[in-house]
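Heads up, the thing below is written out as structure tokens.
The values are calculated or read from the model by the stated rules, or taken from the named source; none is laboratory data. Everything numeric here is computed off the predicted structure, so don't read it as measured data. Counting neighbours? That spans all protein chains shown, and the Cβs are built from the backbone with ideal geometry, glycine included.
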Amino acid sequence: MTSNATEEQLIEKASKPGKDAMRLHPYYRGKIEVIPKCRVKDFDDFGIWYTPGVAEPCKAIVKDPSLVYEYTNKWNTVAVVSDGTRVLGLGDIGPEAGLPVMEGKSLLFKYLGGVDAHPICLDTKDPEEIIQAVKWLKPSYGGINLEDIEKPKCFEILARLRKELDIPVWHDDQQGTATIVTAGAINALKLVGTSLADAHVCMIGAGAANIAIARVLIAAGITQNHIVMVDSKGILHSSRKDLEEDKERNPVKWEMAQNSNGEGRTGPISKAFGGCDICIAASKPGPGTIKKEWLATMTDDAIVFATANPIPEIWPWEAKKAGVRIFATGRSDFPNQINNSLGFPGIFRGTLDVRAETITDEMCIAAAYELARTAEDEGLTDDHIVPTMDSWEVFPREAVAVGMKAIAQGIARVKISRDELYDHAMDVIKKARDTTGLLMEKGFIDDPDR
């Protein structure tokens, strides 16, 4: 148990990333830029890369549109698309204020997955306009990453674009979060000796993240009627008239109310925790969103994932006082970071490398199990249930698992061997990391702390 002084020090440590961000963002004036990837030995080379030489690949693509993947960077590009209506734990802050997050996402795509990602913040909240904008962008990109779009429109936008585009589209707040939470749940339950099928789960928050997490957990083996989900008005159950009245606008939430909560619990959030093995929170930033007395009603060896950003729903030390054994957050400065950054770079790497038509839940589950195996290979402990971002080998491993699952499902346009997938992913990711290191070494990326 920590003293008050220690807790003050921990809170001060938790505030440091924000203070550093306010110092370094204006210093660099952004986190990503465009640099050439082709040779420029002299000005004659521009006759190859631009006019007149560039006309020849253009004409070839007209005859065979699939050659765009061979003659341009489309094979390795993703658009990170947001309207800024649900940014981290900050809410509807708009597209300009959301741009630092989308730039950060693009940086992680490149450094961790070798994927060239571009932040696209749209000045509209209209679902139809967002869908149309993504359709207009489609020719330039090999994939679309939807980001920080409010519910329930995020469900419709994802479903429509997955159906209407011939490139993979995913919503990281749904599928990405679900992947890493599933990986963490697999290993945490293994440590406490409870199977997926037997585990009882309370889920705090009924937004895009937890709805998708529930769907993927169920596909991975969690029993649906063992889940108790809570929104801002209390426990979801089939007698909630407000949910029934809203079912046309938010059918996925109504479906969860009907088919979860086998015990028929009702009431406020405090009634959801009793006897549960694992709590998965994706709700309002804390501290104080979850009370330690609620956690004390869970089973022995309780597991809590408090994933709200930038502040988890309850501080780790408060949860530990309540008897929680395994605690995870979305932050890198605490143990067990349950964060999408462990998922989307490797998942898109594998998806792009086999040119998959979409990203299925089965591909996400394959990635989750590979994440879990990587952490197990490193050694499972209560403070190490998932790999950390500096375990960079997880990303090519994840890419292979995803690519092979896409091939097995018959949705890959390119069919290559496991070894070829691994070698290619390793090469692309290593090049991205080494390039950043070289730019820092040569002073082209300055370090103000040096």
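Kindly indicate the residue of region 218-273 that is more than 19 Å from Glu313 (Cα to Cα) and among the hydroxyl-bearing types (Ser, Thr, Tyr) and also surrounded by the fewest Cβ atoms within 10 Å (Cβ to Cβ) among those meeting that condition.
Only one residue fits best here, namely Ser239.
Residue under question is Ala79, and the condition is that it be closer than 30 Å to Lys284 by Cβ and either charged (D, E, K, R) or not in a helix (DSSP H, G or I) (or both); does it hold?
When the stated conditions are applied, Ala79 passes them.
Just the residues that are of a type in the set (Gly, Ala, Ser) and either modelled with pLDDT under 95 or within 16 Å of Gly89 (Cβ to Cβ) (or both), please, taken from region 295-327.
Ala306, Ala308
In region 192-225, how many residues are touching a Ser or Thr at 6+ places or on another chain (Cβ under 7 Å), under 28 Å from Thr77 (Cα atoms) and in contact (Cβ under 8 Å) with a residue 60 or more places away in the chain?
Residues in region 192-225 being touching a Ser or Thr at 6+ places or on another chain (Cβ under 7 Å), under 28 Å from Thr77 (Cα atoms) and in contact (Cβ under 8 Å) with a residue 60 or more places away in the chain: 3 in total.
Step by step: first the residues of region 69-100, then only those that are among the polar types (S, T, N, Q), within 30 Å of Cys58 (Cα to Cα) and out of contact with any Gly (no Cβ under 6 Å at 6 or more places or on another chain), then the one that is surrounded by the most Cβ atoms within 10 Å (Cβ to Cβ). Which residue is that?
Applying the filter and picking the extreme gives Asn76.
Just wondering, is there one or more residues in region 21-41 that are more than 33 Å from the chain's Cα centre (by Cα) and either part of a helix (DSSP H, G or I) or surrounded by 10 or more Cβ atoms within 10 Å (Cβ to Cβ) (or both)?
Yes - at least one qualifying residue is present in region 21-41.
Within region 416-450, which residues are over 30 Å from Pro26 (Cβ atoms) and exposed (fewer than 14 other Cβ atoms within 10 Å of the Cβ)?
Correct list: Ser417, Arg418, Asp419, Asp427, Lys430.
Scan region 177-191 and tell me whether some residue there is touching a residue at least 12 places away in the same chain (Cβ under 8 Å), more than 27 Å from Arg433 (Cβ to Cβ), among the polar types (S, T, N, Q) and touching a helix residue (DSSP H, G or I) at 6+ places or on another chain (Cβ under 9 Å).
no
For a quick check of your reading: which helices (runs of 4 or more DSSP H) sit entirely within region 176-268 and have at least 2 residues that are within 24 Å of Phe395 (Cβ to Cβ), touching a Phe, Trp or Tyr at 6+ places or on another chain (Cβ under 7 Å) and modelled with pLDDT of 95 or more?
177-192
For region 433-450, how many residues are assigned to a helix (DSSP H, G or I) and within 18 Å of Ser106 (Cα to Cα)?
6
Condition first: of a type outside the set (Gly, Ala, Ser) and in contact (Cβ under 8 Å) with a residue 60 or more places away in the chain. Now tell me which residues in region 415-426 satisfy that.
The answer is Lys415, Ile416, Leu421, His424.
Name, by its number, the condition in (1) of a type outside the set (Ser, Thr, Tyr); (2) under 13 Å from Asp382 (Cα atoms); (3) over 16 Å from the mean Cα position of the chain (by Cα) that does not hold for Asn336.
(3)
Which residue, of Ala55, Ala60, is in contact with a Leu (Cβ under 9 Å, 6 or more places away or on another chain), at pLDDT 95 or above and either loosely packed, with under 15 Cβ neighbours inside 10 Å or closer than 29 Å to Pro287 by Cβ (or both)?
Residue meeting the stated conditions: Ala60.
I'd like the full set of residues that are in a loop (DSSP other than H, G, I, E, B) and buried (at least 17 other Cβ atoms within 10 Å of the Cβ), limited to region 131-174.
Tyr141, Gly142, Glu147, Asp148, Ile149, Glu150, Lys151, Pro152, Leu165, Ile167, Pro168, listed by residue number.
Output the residues belonging to region 329-377 that are among the charged types (D, E, K, R) and either touching a strand residue (DSSP E or B) at 6+ places or on another chain (Cβ under 7 Å) or in a loop (DSSP other than H, G, I, E, B) (or both).
Those that are among the charged types (D, E, K, R) and either touching a strand residue (DSSP E or B) at 6+ places or on another chain (Cβ under 7 Å) or in a loop (DSSP other than H, G, I, E, B) (or both): Arg331, Asp333, Arg355, Glu357.
So, in region 64-101, exactly how many residues are without any contact (Cβ under 8 Å) to a residue 60 or more places away in the chain and either among the charged types (D, E, K, R) or under 20 Å from Ile429 (Cα atoms) (or both)?
The number of residues fulfilling the criteria is 6.
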